[in-house]
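Beneath this line is the structure, given in structure tokens, with notes to follow.
No value in this document is a laboratory result; all are computed from the given coordinates. Computed from a predicted structure; not experimentally measured. Because the Cβ atoms are built from the backbone with ideal geometry, glycine has one as well, and the counts that use them run over all protein chains shown.
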Amino acid sequence: MLTKRNLLFALTLALIVVGFTAYSRGAHAHIASIDANEIVIQNFAFVPSTLTIKAGEKVTWVNRDDEPHTATANDKSFNSKTLENGERFSTEFRKPGTYQYYCALHPKMTAQIIVK
Amino acid sequence: MSEQDQMKRRSFLKCMAWGGTGLVWAMNGGVLSANELLAGSKRKAAGFSFVQISDSHIGFNKDPNHDVTKTLQEAVDKINALEEQPAFVIHTGDITHLATPAQFDTAAQILKSARASQIYYVPGEHDVFTDDGKLYLERFGRGTQGQGWQSFDYNGVHFIGLINVLNLKQGSGTGLGGSGFGQLGQEQLAWLQKDVKGLSGSTPIVVFAHIPLWTIYPDWSWGTDESEQALSYLKRFGSVTVLNGHIHQVMQKVEGNVTFHTARSTAYPQPAPGTAPAPGPIKDVPADKLRSTLGLTDINYIAKGSQLAVVDDTL
């Protein structure tokens, strides 16, 4: 049978676990956001599909698929050209706006950069 | 048989399993029939035949094929071993993997050895994505019009090569979630309409293009915007055959007077629609696929909710 003391212990433990998980998630997200704005191309998708940055920041794409991909702006303002597995492409966004882009080989792959 | 020989045989069979080589199309009284391309194959001599090969992806060097140059050469060898020389060869695109000059060179070198009076090409997206098709047109676009489309007549049959891999984004809607479908473009459609205008309705028509001209699987963009408009110009013809590549597997559909058919790749197979998270190469090709990929019976395709009757003719 559950005693009062046991219940209190279980609840405390649960709170600690939940709190720790929340803390580590937050910390992780924080690290990701200060990490050079990186977009991973994997499983035929840009991750994240929407990235918000400040004007003047640099964005880096890295292809983790075996298949070649590109990051090509709809308005052609940037174009990574062919990115093979492991290859990277970086570009700086100076002007605020929404930059939609796609993969020229797999045009169903679409994503956007929002520059504030 | 030594272990090494067994291995060789096994890898050969494995290679045969997916290294689809091409199709021989025999024309009989306006009706096309497809046969798997095998060395020394016999056909009843009537009309003429031509060979379709596709998706040679020169430059691809990962699983399941680290030597796509060799498998393209094998396809050409099989063309050359045919008892009756085909009238010509049609390559339905993705000649190269990354459209580099070296890859175009290698492809041209191998295809030159095909015993056929001519090879007709249409590009795949892999041939044009780096430079909107400039290099492709320089190398393979001789005698074509506009951005590379073309038509020609052979023994009373009218052949039309369409390009649906340029400006892929423009027609895909703006922003996120575009269709990614192949694009024909109004300029080419206007040309097509004019091209078939003077032809009698009894003229057999063969259309070839890289991306399928019917919607096979929208999730993977396996279809072409404006294909309905293009086909509407061909409605009055008694026999229309549409040959495509792009999806690296055999599929067939008959709709009224129109027969659609996709060819295998000479480089690597791609998954059946919806059977994988993405349409990348099938890396591990199991031995038990041998029979089905030799194309003896097996192509049934059920896409989410819609069913395609697909028939694969064999020898």
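Give me the number: length gained by fully extending A:Thr91 to A:Ile114, i.e. 0.36 nm times residue separation minus the C-alpha to C-alpha distance, one decimal in nm.
Taking A:Thr91 through A:Ile114 to full extension adds about 6.9 nm, to one decimal.
Filter the GluC sites (Glu not before Pro) in region B:81-182 down to the DSSP loop ones having no more than 16 other Cβ atoms within 10 Å, then list what survives.
Sparse-neighbourhood loop GluC sites (Glu not before Pro): B:Glu83, B:Glu84.
Mind putting a number on the dipole of region B:55-196 about its Cα centre? Charges go on the C-beta only, +1 for Lys and Arg and -1 for Asp and Glu, and I need it in Debye to the nearest 20.
For region B:55-196, the charge dipole is close to 180 debye.
Rounded to two decimals, what is Rg over Rh for region A:38-115 when you use alpha-carbon atoms and the Kirkwood radius?
Here the Rg-to-Rh quotient is 0.93.
Just flag the trypsin sites (Lys or Arg not before Pro) in region A:40-97 sitting in loop per DSSP whose Cβ has no more than 11 other Cβ atoms within 10 Å.
Sparse-neighbourhood loop trypsin sites (Lys or Arg not before Pro): A:Lys54, A:Lys76, A:Arg94.
Find which of A:Leu51, A:Val115, A:Leu105 sits farthest along the positive direction of the dipole of region A:38-115, computed with +1 on the beta-carbon of Lys and Arg, -1 on that of Asp and Glu, about the Cα centre.
Selected residue: A:Val115.
Can you give me the distance in nm between label points at A:Lys76 and A:Thr98, each placed 7 Å from the Cα along the Cα-to-Cβ direction?
Placing both labels 7 Å beyond Cα along the Cβ direction yields 2.3 nm.
Which pairs in the list A:Lys81/B:Lys134; B:Lys70/B:Lys253; B:Lys134/B:Lys197; A:Lys76/A:Lys108; A:Lys81/A:Lys108; B:Lys134/B:Lys283 are over 25 Å apart, alpha-carbon to alpha-carbon?
Table pairs above 25 Å Cα-Cα are B:Lys70/B:Lys253; B:Lys134/B:Lys197; B:Lys134/B:Lys283.
What FRET efficiency do you get for A:Val62 and B:Gln85 if R0 is 60 Å and r is their Cβ-Cβ distance, rounded to the nearest 0.05?
0.75
May I ask for the net charge around A:Ala45, where only other residues with Cβ less than 10 Å from the Cβ of A:Ala45 are counted and Lys, Arg are +1 while Asp, Glu are -1?
Counting the neighbours of A:Ala45, the net charge comes to 0.
Using the Cα centre as the reference, give the magnitude of the dipole from point charges on the C-beta atoms of region A:38-115 (Lys, Arg: +1; Asp, Glu: -1; all else neutral), rounded to the nearest 20 debye.
Computed charge dipole of region A:38-115: roughly 340 debye.
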